[in-house]
Amino acid sequence: MKQKSWVNKKPDLVFIGDLHGQIKKLNNLLEDINFDVTNAQSLVSSTKLVFIGDLIDNAPSSDVDHVALLTKVKQLIDNGFAYCLMGNHEFNAIGWATKHPETAQWLRPHNVNNTKQHQGFLDSVIEGSEVHHYWVTWFKSLPLYLDFGGIRAIHACWQQASVDQLAQYLNKDKQLKAECFLNAFDKSTELYQLIETLLKGPEITLPVGYSFQDKTGIKRTQIRSKWWLSKAQTYRDIAQVQPEVIDDIPNIDLPVNQTPELLELPVIVGHYTLNGVPSTLSNKVACVDYNAAKEENPLVAYYWQQETELTNKHFLYKAEQVK
Ligand SMILES: [Mn+2]
């Protein structure tokens with residue numbers, strides 16, 4: 001691969017999708033792109049890595065190793081080779097392990113569903129151990145978004161007004177201020193809502209009288225939004241629902257304050273567990289989460305080489321794993 005000089009130019013970036021403990025897939029990717037930290041002539045001379053968040057939470061398997069993956073990613077960051085964003089899974093892990101000082105309740109309830117989602121990680125660090133505490137402390141240091149000048153990254157959604165609103169809760173490195181964690185888990189706060197939007201993706205309430213059934217048969221009055229479609233005009237245009245129920249979503253114009261914005265700069269996200277051949281969501285938005293959590297699916301990355309419009313040609317993945 002052609003090398004570029006650091007001196008005159010900002011580094012290119014390889015954005016890496018949600019890993020959920022899949023250390024082997026990360027090692028394979030770094031080998032495939034010749035990102036070798038022991039070799040200054042390798043891709044490390046021109047390129048940095050950006051982990052899009054969700055490093056944790058997966059069932060045990062021969063390829064999954066939470067501690068090995070976290071150790072590797074932290075080492076890459078500490079040595080200046082990489083960045084890592086906070087995903088909703090790291091955020092949740094902080095709430096799981098933190099008690100409210102007044103009520104002594106866990107900030108994230110230890111209910112059946114939350115336990116199920118987090119058990120693989122808890123078993124691998126041993127819940128309550130020093131190792132557990134160490135990684136939760138590290139999760140608190142992860143930035144909520146990154147702005148590289150020519151491109152931005154956030155776990156699920158870039159909505160400028162929400163990012164602007166979030167600024168008051170962040171320090172200069174875009175980490176959540178220590179005093180904000182209690183509010184971040186309190187559903188009645190603005191901060192909680194902002195984190196829902198930016199780390200889990202925005203939802204829009206349907207006009208009164210409309211609803212649809214989700215995959216599990218539950219009646220829903222809110223839709224997940226395809227926030228990247230700057231030309232979406234109606235609820236149906238913007239709805240991220242299974243195709244069978246699209247007719248239940250009204251072809252009524254969205255209220256002005258709900259229409260998507262034109263993005264100024266390209267944005268890379270993860271989170272959406274897409275499938276099929278990796279492709280951009282628009283010329284300004286690409287998602288690198290193609291469900292690498294599952295053994296049979298590919299780890300997807302996006303190799304950004306300073307372009308202002310994103311291109312399908314810059315996705316990196318093993319083609320034989322795409323179904
Ligand atoms: Mn996620």
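The values are calculated or read from the model by the stated rules, or taken from the named source; none is laboratory data. This structure is a prediction, so every number in the text was calculated from the model and none was measured. Glycine also receives a Cβ, built like all others from the backbone with ideal geometry; neighbour counts cover every protein chain displayed. Surface areas here come from the heavy atoms of the whole protein model, side chains and all, with no ligands, DNA or RNA. Shrake-Rupley method; radii C 1.70, N 1.55, O 1.52, S 1.80 Å.
Here is how the numbers come out for the structure above:
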{"item": "Karplus-derived 3J(HN,Hα), 6.51/-1.76/1.60, for each residue of region 32-40, Hz, glycine and proline x", "result": "4, 9, 6, 9, 10, 5, 8, 10, 5"}
{"item": "For T197, solvent-accessible area (1.4 Å; no DNA, RNA or ligand), Å²", "result": "30 Å²"}
{"item": "Extension reserve of the D12-E102 stretch, reckoned as 0.36 nm per residue once the Cα distance is removed", "result": "27.7 nm"}
{"item": "Length-normalised contact order for region 189-291 - Cα pairs under 8 Å, 6+ apart - percent", "result": "20 percent"}
{"item": "Extension gain, E130 back to Q233 (0.36 nm per residue minus Cα-Cα distance, nm)", "result": "32.0 nm"}
{"item": "Residue with peak Gaussian network fluctuation, the chain [Cα springs, cutoff 10 Å], from V44, V73, V131", "result": "V131"}
{"item": "Normalised contact order of region 12-321, rounded percent, pairs of Cα under 8 Å and 6 or more residues apart", "result": "19 percent"}
{"item": "Shape call, region 26-130: gyration tensor on alpha carbons, a/c limit 1.5", "result": "prolate"}
{"item": "Sequence-separation-based contact order of region 1-160, relative, with Cα cut under 8 Å and 6+ spacing, percent", "result": "22 percent"}
{"item": "Three-way shape label, region 90-229, alpha-carbon gyration tensor, a/c 1.5", "result": "oblate"}
{"item": "Listed residues W227, W158, W106, most fluctuating in the chain (Gaussian network, C-alpha, under 10 Å)", "result": "W106"}
{"item": "Label point at Q160 placed 7 Å out along Cα→Cβ; residues across region 266-286 whose backbone nitrogen lies under 19 Å", "result": "266-269, 282-286"}
{"item": "Computed E for K323/S279 - FRET, C-beta separation, R0 22 angstrom, nearest 0.05", "result": "0.95"}
{"item": "Amide H partners (placed H, <5 Å) of L49, local residues excluded", "result": "V14, A82, Y83"}
{"item": "Heavy atoms of F181 accessible to a 1.4 Å probe, total area in Å² rounded to 10", "result": "20 Å²"}
{"item": "Efficiency of FRET between T205 and E179 - r from beta-carbon atoms, R0 22 angstrom, step 0.05", "result": "0.10"}
{"item": "Within the chain: Cβ-based charge dipole about Cα centre, in debye rounded to nearest 20 (Lys, Arg +1; Asp, Glu -1)", "result": "420 debye"}
{"item": "DSSP bridge orientation in the chain - percent antiparallel, rounded to nearest 5", "result": "60 percent"}
{"item": "List T103, T98, ordered by accessible area with a 1.4 Å probe, largest first", "result": "T103, T98"}
{"item": "Sequence ranges 121-128, 45-52, 79-86, 168-175, ranked by mean other-Cβ count within 10 angstrom, highest first", "result": "45-52, 79-86, 121-128, 168-175"}
{"item": "Gaussian network model of the chain, Cα within-10 Å springs - most flexible of A178, A156, A239", "result": "A178"}
{"item": "Rounded to 5, percent antiparallel among DSSP beta bridges of region 194-323", "result": "75 percent"}
